[in-house]
Amino acid sequence: DGGITQSPKYLFRKEGQNVTLSCEQNLNHDAMYWYRQDPGQGLRLIYYSQIVNDFQKGDIAEGYSVSREKKESFPLTVTSAQKNPTAFYLCASSMRTRNQPQHFGDGTRLSIL
Amino acid sequence: ELKVEQNPLFLSMQEGKNYTIYCNYSTTSDRLYWYRQDPGKSLESLFVLLSNGAVKQEGRLMASLDTKARLSTLHITAAVHDLSATYFCAVDTQETSGSRLTFGEGTQLTVNP
């Protein structure tokens, strides 16, 4: 079945540590996105990528980094510069053509130890 | 800065009743999406509204878009318990390929027997 796989489902970070969240899709989508969701709030865009080897900052990119070396993969690194990383992280993908909905993975819940 | 406001943020209703969720946004856009999220889960695409006057219906849910008023509505008819979830609207402001979504805060719907 085609879909978006995020791993791990739960992740714990120690102070000063970088952690990487995985996102893989087999939908043949060109565009991929990372969102952060805090309790009781909507989603906020961290980074997005329309094509391989290219990505743009979203609304809350500080303290995060991404890479897009393969069409299927868009990993997100939460760096130690992100002082409040505890949140639910959702990855999404879509076709590059306009008017197509984004499809979401099941998310990774990140907590601080 | 684009603002997307939903109201109400919390909605408790009885089975069988009708209600409307409102989504107002502050910039010009003719593309709006509605998503559903169950607790701790990912987002599921419900409706894609692509022009002024667009109306889409699926089961007990009907969504509409008025781009001149910058308003979308999600109408619930004869609510059932299975509709309990959080509903998000998202406005697309990407002018070229792909999409860039700004989400509302979400409306947490609880349908009581």
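Just so it is clear, none of the values below were taken in a lab; they were calculated from the coordinates. What you see is a predicted model; the values in this text were computed from it and never measured. So basically every Cβ, Gly included, is an ideal-geometry build from the backbone, and we count neighbours across all protein chains shown.
Which value, to two decimals, describes the C-alpha radius of gyration of region B:1-51 once divided by 2.2 N^0.38 Å? Don't jump to the answer; show the numbers that get you there.
Numbers: Rg = 13.2 Å, N = 51, 2.2 N^0.38 = 9.8 Å.
That works out to 1.35 for region B:1-51.
Taking the Cβ-Cβ separation of A:Asn26 and B:Gln14 as r and a Förster radius of 45 Å, what is the calculated FRET efficiency to the nearest 0.05?
In this case the efficiency is close to 0.60.
Regarding chain A, what is the average projected area of its C-alpha convex hull, in nm²?
6.9 nm²
Obtain the radius of gyration and the Kirkwood radius of the protein assembly as shown from its C-alpha atoms and give Rg over Rh.
With Rg and the Kirkwood Rh in hand, the quotient comes to 0.97.
Between their Cα atoms, which of A:Lys14/A:Lys70; B:Lys17/B:Lys41; A:Lys9/A:Lys70; B:Lys3/B:Lys68 are more than 20 Å away from each other? Could you put the intermediate results ahead of the total?
Working: A:Lys14/A:Lys70 29 Å; B:Lys17/B:Lys41 26 Å; A:Lys9/A:Lys70 22 Å; B:Lys3/B:Lys68 16 Å.
Distance filter (> 20 Å) returns A:Lys14/A:Lys70; B:Lys17/B:Lys41; A:Lys9/A:Lys70.
How large is the dipole of chain A about the Cα centre if only Lys and Arg carry +1 and Asp and Glu carry -1, each at its Cβ, rounded to the nearest 20 debye?
Rounded to the nearest 20 debye, it is 160 debye.
Rounded, prolate or oblate, given the Cα gyration tensor of region B:59-113, with a/c below 1.5 counting as rounded?
prolate
Which residue fluctuates the most in chain B, going by a Gaussian network model with Cα springs under 10 Å, if the choices are B:Gly53, B:Gly98, B:Gly16?
Judging by the Gaussian network model, the answer is B:Gly98.
Just need the relative contact order of chain A here, percent rounded to a whole number, with Cα pairs under 8 Å and 6+ apart. Don't jump to the answer; show the numbers that get you there.
Working: 291 pairs, mean separation 39.3, N = 113.
Relative contact order comes out at 35 percent.
Over all directions, the average projected area of the alpha-carbon convex hull for chain B comes to how many nm²?
Taking a quarter of the hull surface, the average projection is 6.8 nm².
What residue among A:Leu21, A:Leu76, A:Leu11 shows peak mean-square fluctuation when chain A is described by a Gaussian network model with Cα springs under 10 Å?
A:Leu11
About its Cα centre, what dipole magnitude does the protein assembly as shown give when the only charges are +1 on Lys and Arg Cβ and -1 on Asp and Glu Cβ, stated in debye to the nearest 20?
180 debye
Taking the Cα centre of region B:12-113 as origin, sum charge times position over the Cβ atoms of Lys and Arg (+1) and Asp and Glu (-1), and report the length of that vector in debye to the nearest 20.
120 debye
How long is the gain from B:Asp82 to B:Lys41 if the chain were fully straight, where each residue apart is worth 0.36 nm and the alpha carbon distance is subtracted?
Length gained, B:Asp82 through B:Lys41: 13.3 nm.
Pairs of Cα atoms under 8 Å, at least six residues apart: use those to get the relative contact order of chain B, whole percent.
Computed over chain B, the figure is 35 percent.
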